[in-house]
Amino acid sequence: MPIKLPDLPYAYNALEPFMDEQTVRLHHDKHHAAYVNNLNAALDKHPEWHNKGLEELMANLKAVPEDIRTAVRNNAGGTWNHNLYWDLLAANAGGQPGGELLADIQKSFGDFAAFQQKFNAAAVAQFASGWGWLFIDDKGKLAIGSTPGHDNPLMSGAANISGKPLLVVDVWEHAYYLKFQNRRADFVGGFWSLINWKKVEGLYAAARG
Ligand code: MN3
């Protein structure tokens, strides 16, 4: 099983009250785990692809054998997106980023509040299941968007947006329905209290090289 499920970097109840323990437990141990298992099962049919990393798989979807291409797209995306999602959250977090990322957000969107509003709108408006993103687009500019299913900006030529991901929110119903039912906007509102901006700043710095 070359693709592994990373442990959560905090306790299941660490993100209360914005993400409740039961949701986090099911989301990580059942949903996220299932994407990892399904990806390994798909890759077992083509062992020559089994030691590629997630990012290489996603960047080369057109070269992945056709009989597993959709499974790889859905489950490599499902694995990678959740890896990033959990990694960017923390207890006692939130607030605003600093340094060059904040300056770029202000330059790109007007101010931090306008950025939040635009990100919320993209995440809430994503039809059915998907993800909301802040990313650096292929022209090097900060951009906001959303993807259906488990697509992400690294799926070059396959997804509707392309670039380097910096921040992501899961808007599948499994991410919020137990606590928030149909109130996706309330869930996304609470997400801001969990963002570990130091990690996002690190991704920004790495992407800027
Ligand atoms: Mn999810």
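If you go through the stretch 68-111 and keep only what is over 19 Å from the mean Cα position of the chain (by Cα) and aromatic (Phe, Trp, Tyr), you end up with just 109. Considering the conditions (1) among the polar types (S, T, N, Q); (2) part of a helix (DSSP H, G or I); (3) touching a residue at least 40 places away in the same chain (Cβ under 8 Å), residue 37 is excluded by exactly one of them, (3). The single condition among (1) of a type in the set (S, T, N, Q); (2) in contact (Cβ under 8 Å) with a residue 12 or more places away in the chain; (3) under 30 Å from residue 40 (Cα atoms) that residue 108 does not meet is (3). When the stretch 48-67 is limited to residues that are within 22 Å of the chain's Cα centre (by Cα) and closer than 16 Å to residue 37 by Cβ, the one that is surrounded by the most Cβ atoms within 10 Å (Cβ to Cβ) turns out to be 57.
Search the stretch 85-102 for residues being surrounded by fewer than 17 Cβ atoms within 10 Å (Cβ to Cβ) and part of a helix (DSSP H, G or I), and hand back the single one that is nearest to the ligand (Cβ to nearest atom). Before you say what the answer is, go through the steps one by one.
Quick first cut of the stretch 85-102, residues surrounded by fewer than 17 Cβ atoms within 10 Å (Cβ to Cβ) only: 87, 91-92, 94-96, 98-100.
Next cut, part of a helix (DSSP H, G or I) only: 87, 99-100.
Values: 87: 14, 99: 30, 100: 30 Å.
Within the stretch 85-102, the match that is nearest to the ligand (Cβ to nearest atom) is 87.
Quick note: the coordinates plus some simple rules give every number you see, no bench work behind them. None of the values given here were measured: they were computed from a predicted structure. Glycine also receives a Cβ, built like all others from the backbone with ideal geometry; neighbour counts cover every protein chain displayed.
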